[in-house]
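The values are calculated or read from the model by the stated rules, or taken from the named source; none is laboratory data. Just so it is clear, the structure is predicted and the values come from calculations on it, not from any experiment. Reconstructed Cβ throughout: ideal geometry from the backbone, glycine too, with neighbour counts over all protein chains shown. Just so you know, the surface numbers come from the protein's heavy atoms only, side chains and all, with ligands and any DNA or RNA stripped out. Shrake-Rupley method; radii C 1.70, N 1.55, O 1.52, S 1.80 Å.
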Protein chains: 2
Amino acid sequence: MPVTDLHGLFLHELRDLYSAESQIIKALPKMITAASDSKLKEALTEHLLVTKKQLARLDTIGEEFDFKISGHECQGIKGIITEAEETLKEIKDAATKDAAIIVSAQRVEHYEMAAYGGAVAFAKEMDHAEAAGLLETTLKEEGDADKALSGLAQGGMFSEGLNQTAIKD
Amino acid sequence: MPVTDLHGLFLHELRDLYSAESQIIKALPKMITAASDSKLKEALTEHLLVTKKQLARLDTIGEEFDFKISGHECQGIKGIITEAEETLKEIKDAATKDAAIIVSAQRVEHYEMAAYGGAVAFAKEMDHAEAAGLLETTLKEEGDADKALSGLAQGGMFSEGLNQTAIKD
């Protein structure tokens, strides 16, 4: 679909995010199965629930602007998920696999932070207050998910030091 | 190449980043040509120079650890660049194209922030102080580039409001 103005680009970005969230919902259960650390499994499981709510928010925005939000394929998230799955195939030991899941999931979160950040800026620029509010809620959740993953990786309060475990193996 | 421990995953991440930077060096000139706003062209041109230095830092780390850093293909950045190029093809007007370039470039920066963030954490975990220092320098540059792009998009001191221009078209 040709994009002729900022509103068209905004809708394009929403379609991209809708596809991204849909792909993440399909990929997360595989990551949860591949993870060993109970806190990591828990964080990913919690994020799967949050992601489903984020998809529902995009549906709400799609209805507000009366356009078909599905049908586009987000190439960015597709590449990031392909990469994550290929990396995991190369790893045998559990602790290193957990470390790889964390850095892969952080790539996903950062992609979404960039994309939602842009969508929020576009929504505000065009005074779409309701859409901006919904998108900002998701943007904050993606930032929180990224910080929680950093906490797990760096041996903070959510972790007993996943990376140290990998070194010891 | 199978990854058997955190050190192996660290080398895998460095290979991924080496490919990412190489792909970005090839893609940026096309983005510079596609951009219209002079400040955006300038920011991308400056970032191309910075990216070449970042690639050289990865070469230095590759020499330190005596492994072949080239030869891997980063699927994440490949997807993000493909997406950026496909999006630009759908847009005719200059101001909307500039807005799309900004949000695409921010996806690239965020991918790198996540990947360098992970690599820094791994390097520190294994007490590779020199590598950690080099990677942290790049991580900071990626964050700065992302902020500069936000400044351009939101009509800050580097911009006269690119998004407003798109609305007016």
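Since chains A and B are linked by a rotation, which residue in A has the beta carbon closest to its axis, and how far is it in Å?
Of all Cβ atoms in chain A, the one nearest the axis gives A:Gly79, 1.
What whole-number distance in Å separates the alpha-carbon centres of the stretch B:95-148 and the stretch A:50-67?
The distance from the Cα centre of the stretch B:95-148 to that of the stretch A:50-67 comes to 30 Å.
Distances in nm, one decimal, shortest first, from B:Thr137 to the same residue in every other copy, taking the label point 7 angstrom along Cα→Cβ.
4.5
For the stretch B:26-41, what does the Karplus curve 6.51 cos²θ - 1.76 cosθ + 1.60, with θ = phi - 60°, yield as ³J(HN,Hα) per residue in whole Hz, taken in order and with x for Gly and Pro?
Along the stretch B:26-41, the couplings run 6, 7, 4, x, 5, 5, 4, 5, 6, 6, 10, 4, 5, 5, 5, 4 Hz.
Within 10 Å of each Cβ in peptide A:84-90, how many partner chain Cβ atoms are there on average? Round it to a whole number, please.
Partner-chain Cβ atoms within 10 Å, mean over residues of A:84-90: 3.
Over its Cα atoms, what ratio of radius of gyration to 2.2 N^0.38 Å does the stretch A:1-93 give?
Output field value: 1.28.
Work out the mean other chain Cβ neighbour count within 10 Å for the residues of A:100-107 and drop it here as an integer.
Per residue, the average neighbour count from other chains is 5.
For chain B, with the dipole built from +1 on Lys and Arg beta-carbon atoms and -1 on Asp and Glu ones, taken about the Cα centre, which of B:Thr96, B:Gly143, B:Thr51 lies farthest toward the positive end?
Comparing the listed Cα positions along the dipole, B:Thr96 ranks first.
Using a 1.4 angstrom probe with every protein chain in place, what is the largest-first accessible-area order of B:Ser19, A:Ser22?
These residues rank, largest area first, as A:Ser22, B:Ser19.
How large is the accessible surface per residue of the protein assembly as shown, computed with a 1.4 Å probe and reported in Å² as a whole number?
43 Å²
Assuming a ≥ b ≥ c are the square roots of the Cα gyration tensor eigenvalues, decide whether the protein assembly as shown counts as rounded (a/c under 1.5), prolate (otherwise, with a/b larger than b/c) or oblate.
Here the protein assembly as shown falls in the oblate category.
What are the residues whose amide H is under 5 Å from the amide H of B:Val3, where those residues sit 5 or more places off or on another chain and H is modelled from the backbone?
A:Ile91, A:Lys92
Tell me the mean residue ellipticity at 222 nm calculated for chain A from its helices only (DSSP H runs of n ≥ 4, each -39500 (n - 2.57), averaged over every residue, nearest 500).
-28000 deg cm²/dmol
Mind listing the label-point distances from A:Ser70 to the same position on all other copies, shortest first, one decimal in nm, points 7 Å along Cα→Cβ?
Taking the point 7 Å beyond Cα along Cα→Cβ, the inter-copy spacings are 4.5 nm.
Which value in nm describes the separation of the simple spin-label points at B:Ile25 and B:Thr82, placed 7 Å from the Cα toward the beta carbon?
So the label points at B:Ile25 and B:Thr82 sit 2.3 nm apart.
Charges only on Cβ, +1 for Lys and Arg, -1 for Asp and Glu: so what's the dipole of the stretch B:23-169 about the Cα centre, in debye to the nearest 20?
With Lys and Arg at +1 and Asp and Glu at -1, about 460 debye.
Once the label point is set 7 Å along the Cα-to-beta-carbon vector, what list of distances in nm do you get between A:Ile25 and its counterparts in the other copies?
A:Ile25 label point versus its equivalents elsewhere: 4.1 nm.
How many nm separate the modelled label positions at B:Asp144 and A:Thr45, each set 7 Å beyond the Cα in the direction of the Cβ?
4.4 nm
What number, in percent, do you get for the relative contact order of the stretch A:106-154 if the mean sequence gap of Cα pairs under 8 Å and at least 6 apart is divided by its residue count?
The value is 47 percent.
Can you pull out the buried accessible area for chains B and A, both sides counted, probe 1.4 Å, rounded to the nearest 100 Å²?
3600 Å²
In debye, nearest 20, what is the charge dipole magnitude of the protein assembly as shown about its Cα centre with +1 on Lys and Arg Cβ and -1 on Asp and Glu Cβ, if you could check?
400 debye
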